[in-house]
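Note sheet for the following structure.
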Amino acid sequence: MARMIKPLANLYEQLRRLPGVGSKTALRLAYHIIDMPAEDVQHLATALLEAKGHIHYCQRCFNLTDAEICSICTDAGRDSYTICVVEQPQDIVAMERSRGYHGLYHVLHGALSPLDGIGPDNLRIRELFQRLQRESITEIIIATNSNVEGEATATYLAQLLKPVGVKVSRIAHGLPVGGDLEYADEVTLSKALENRREM
């Protein structure tokens, strides 16, 4: 690659660090940003800083929010007896797109992966059990990804939850093995929810 001037090289390197952005895309984005009007670049920079400064985790479910408790947790119209456990906040967006689920959520912020050094203490499992002590939950739906880490996490959670006395179910395998929940289409997710099974 031809030598870039330092400000452009710095922009390129920062963009290249984003997930899913390869070298070619980072370079294309860098040149696009340079070509943008200064006002648009300022809006982009402001949006990035505001998002980083105002978004944090919901104190109840650990979804992303700009309030103490997220809008899903405070929605009185939702089924407060059911919790759907997902790996990441973006999985909630995917589940909500299906329009097939009307309960609450709990975000683990990852999945068990011993090879990557991610064990139970690195996930929000303790907080899930604290919720079970405080709230009148009758069913936990485990909606972790359909890959090795997601399946291991689902099995681990099911074993921990069985003695608690709540119904534990797993979304059905309408999702492709090795695929991520956030990329599934609405029909697949809706069917997976309808055909969930008890663990």
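Here 105, 81, 156 are screened, and the one residue that is among the hydroxyl-bearing types (Ser, Thr, Tyr), surrounded by fewer than 18 Cβ atoms within 10 Å (Cβ to Cβ) and modelled with pLDDT of 95 or more is 81. Put simply, of 131, 97, 60, 124 the only residue that is touching a residue at least 12 places away in the same chain (Cβ under 8 Å), closer than 20 Å to residue 193 by Cα, basic (Lys, Arg) and surrounded by 11 or more Cβ atoms within 10 Å (Cβ to Cβ) is 97. Counted as qualifying within the range 1-86 are no helices (runs of 4 or more DSSP H), as none has 1 or more residues that are closer than 21 Å to residue 102 by Cα.
Would you confirm whether or not the range 48-67 contains a residue that is on the phi > 0 side of the Ramachandran plot and modelled with pLDDT of 95 or more? There is at least one residue in the range 48-67 that is on the phi > 0 side of the Ramachandran plot and modelled with pLDDT of 95 or more.
Kindly establish whether residue 47 is loosely packed, with under 11 Cβ neighbours inside 10 Å and farther than 29 Å from residue 93 by Cα. So residue 47 fails the test. Within the range 48-58, the only residue that satisfies the criterion of being of a type outside the set (A, V, I, L, M, F, W, C) and within 16 Å of residue 86 (Cα to Cα) is 57.
Per the conditions (1) over 13 Å from residue 193 (Cα atoms); (2) loosely packed, with under 14 Cβ neighbours inside 10 Å, the sole criterion not satisfied by residue 161 is (2). Among the residues of the range 143-166, is any out of contact with any helix residue (DSSP H, G or I) (no Cβ under 9 Å at 6 or more places or on another chain), farther than 22 Å from residue 57 by Cβ and of a type in the set (Lys, Arg)? Yes, there is a match, as at least one residue in the range 143-166 is out of contact with any helix residue (DSSP H, G or I) (no Cβ under 9 Å at 6 or more places or on another chain), farther than 22 Å from residue 57 by Cβ and of a type in the set (Lys, Arg). Within the range 134-153, being surrounded by fewer than 16 Cβ atoms within 10 Å (Cβ to Cβ) and not hydrophobic (A, V, I, L, M, F, W, C) holds for 134, 135, 136, 138. Look at (1) open to solvent by 20 Å² or more (accessible area, probe 1.4 Å); (2) touching a strand residue (DSSP E or B) at 6+ places or on another chain (Cβ under 9 Å); (3) charged (D, E, K, R) and you find that residue 87 fails only one, number (1).
Is there a residue in the range 169-183 that is assigned to a helix (DSSP H, G or I) and buried (at least 22 other Cβ atoms within 10 Å of the Cβ)?
yes
The values are calculated or read from the model by the stated rules, or taken from the named source; none is laboratory data. Everything numeric in this text was worked out from a predicted model, so none of it was measured. Here the Cβ is made from the backbone with ideal geometry for all residues, glycine too, and neighbour counts use every protein chain on show. Just the protein is used for accessible areas: all its heavy atoms, side chains included, with ligands, DNA and RNA removed. Shrake-Rupley method; radii C 1.70, N 1.55, O 1.52, S 1.80 Å.
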